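What follows is a short report on a single structure.
The values are calculated or read from the model by the stated rules, or taken from the named source; none is laboratory data. Since we're looking at a predicted model, the values are computed, not measured. For neighbour counting, all protein chains shown are included, and Cβ atoms are generated from backbone atoms with ideal geometry for every residue, glycine included. Protein only, heavy atoms only, side chains kept; ligands, DNA and RNA dropped before computing areas. Shrake-Rupley method; radii C 1.70, N 1.55, O 1.52, S 1.80 Å.
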Amino acid sequence: MRALSAYKKYAYYIYKYGSAAKLKNYLLNQKEFKARTIQMKSLPYKITVDPGNVCNLRCPGCHTGILHKGRIKPQFLTLENYKIILKNFEKHALSIALYNWGEPFMNPEMFSIIEHTHSKRVGSTIHSNFNIFDEQMAENAVKSGLTHIYLSIDGSTQDAYSQYRVKGNIDNVIENIKIMVETRKRLKSHFPILTWKFLVFEHNKHEIEDARKKAMQLGLDSFEHFMAVPKLTDIYDLAEQNRNNSDFKPGESDCQSLWSSIYVNPNGEVLPCSLAFRPEESFGNLLENSLQEVWNNRNYISARRMFVDPTFEDVPLPCKGCSYSIGKSCHKIVNNKNHLKLEIEE
C-alpha cells in the first residue's frame, strides 16, 4: 500500500481546493467552538450531503438497512438540487462527504454530482459497499475528479462479511476493486484514493490481518479498522441507557458537531449530527433557505445554548434526547456573559 496516503489526500485538498477564505473560516470556526459561541460568524467545514438514502444491502446497523419506519422517505439527490445546495458551501469547503444513509453509486446522477463538485474546487469522498460497480463507473470515478472512496468491507471471507453486509457478495466486491485499481492505473491517475474500511465485530475480528493483507495485494492505498456495534445506534436508546446507568459520566468535551458539521438529506433537509435520520429532527432546509439562515436559526442556537447555560431546556430534537443533553448539567458554564445576552432568532 502507498505510504502516507491519508496525508497525501489532505495535502491534495489544500493544494487543489484550498484558499485564504477557507482557511480563515476554519480558524474562526475553531475559535468559536472553543468560546462556545452560539450565534456564529463562521460556517461548518465538515459537510455531508447524502446522494440517496437507498441501499442494495440490509446492514443491521443502518436505519436504511433495517427499513426503519421512522426514516425519511427513500429518495435520490438530483443534480439540479445539489447545485443549489453546493452554492452554500463552495466558497468555504475543502471537501464534501457524498454519502450518509445509502449506497452512493445507486444514484444515477452520482458522477455528474462529483464532477460538479470538482468543478467548484471542492474535493469529494464516498463510502461504498462496492457491490454495484463496473468498468464504465471506474472510468467515471477517475474522470469526474472523485478524491477518495472508502470501501466498506467487514471481513475477508463471505461467511464473516455477509453477517453484517447482508445481501453483499465479497467476491463481487473484490472483482470490482480490481477493475477500479486497473482503471486508475490505465488512466495514470492517483485518484480516487482507495481505502479498505473494516468494521470490527466479534464474528469477524479474527479476519482483520487477513483483510489487511488482501488490501495490500489488491493495490489499495490504505486499510482502516474500527470497532462497531451490530445493530442500529439510536441516540434516544443510547440516552435512555445512560440515563438508567448510575455510572454514566458525560464526556469532558461538548458536541462539536453543532459548531463544525452539517448533514444534508437528499431532499435538502438539514440534520445536526450523523445519528439523526427522522423528519422531525430536521433543523431546516437548504432548498428553501440559505446556509446562513439555517446555521443561526432557532434550532441551532437553542441546541448550542445548552452547552453554555445548563439550565436551558428549550432544546430541539434530536439534541434534546441525546446523551449530551442528559449530561448538560455537568458541563461547565462558559465564562462569557455575552453568550447569554444573544437573542434567539426566529
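Put a dot 7 Å past the Cα of SER274, heading toward its Cβ, do the same for VAL200, and the two dots end up 1.6 nm apart. Calculated mean residue ellipticity at 222 nm for the chain: -10500 deg cm²/dmol, from DSSP H runs with n ≥ 4 weighted as -39500 (n - 2.57), summed, divided by the residue count and rounded to 500.
Loop-located trypsin sites (Lys or Arg not before Pro) across region 178-236 with a Cβ neighbour count of 16 or fewer within 10 Å are LYS188, LYS231, with loop assigned by DSSP. Note on the chain: Cα convex hull, mean projected area over all directions, 17.6 nm².
Loop-resident trypsin sites (Lys or Arg not before Pro) (DSSP state other than H, G, I, E or B) in region 24-118 with no more than 11 further Cβ atoms inside 10 Å of their Cβ: LYS69.
Rounded to the nearest 0.05, what FRET efficiency is calculated for ASP309 and LEU27 with R0 set to 30 Å and r the Cβ-Cβ distance? Computed FRET efficiency for ASP309 and LEU27 comes out at 0.70. Close amide H contacts of GLY65 (hydrogens built in the peptide plane, cut-off under 5 Å, sequence separation of 5 or more or a different chain): CYS59. Across region 311-319, computed HN-Hα scalar couplings (Karplus, 6.51 cos²θ - 1.76 cosθ + 1.60, θ = phi - 60°) run 8, 6, 10, 7, 9, x, 6, x, 4 Hz from first to last residue, x flagging Gly and Pro. Short-range pairs are left out: with C-alpha atoms under 8 Å and at least six residues apart, the relative contact order of region 43-183 is 25 percent. Note on the chain: antiparallel DSSP beta bridges, both residues inside, total approximately 15 percent of the bridges counted.
The mean sequence separation of alpha-carbon pairs under 8 Å and at least six residues apart, normalised by the residue count of the chain, gives a relative contact order of 20 percent.
Quantify, in whole percent, the carbon and sulfur part of the accessible surface of the chain (1.4 Å probe; protein heavy atoms only). Here carbon and sulfur together make up 52 percent of the probe-accessible area. Computed from Cα atoms, the angle from the helix 110-119 axis to the main principal axis of the chain rounds to 70 degrees. Spin-label model, GLU175/SER189: points 7 Å from Cα along the beta carbon direction are separated by 2.3 nm.
Simple spin-label estimate for LYS231 and LYS83 gives 4.5 nm between the two label positions (7 Å along the Cα-to-Cβ direction from each Cα). The ALA35 and SER112 beta-carbon pair, evaluated with R₀ = 45 Å, returns a calculated FRET efficiency of approximately 0.65. Solvent-accessible surface of the chain, averaged per residue with a 1.4 angstrom probe and all protein chains in place: 48 square angstrom.
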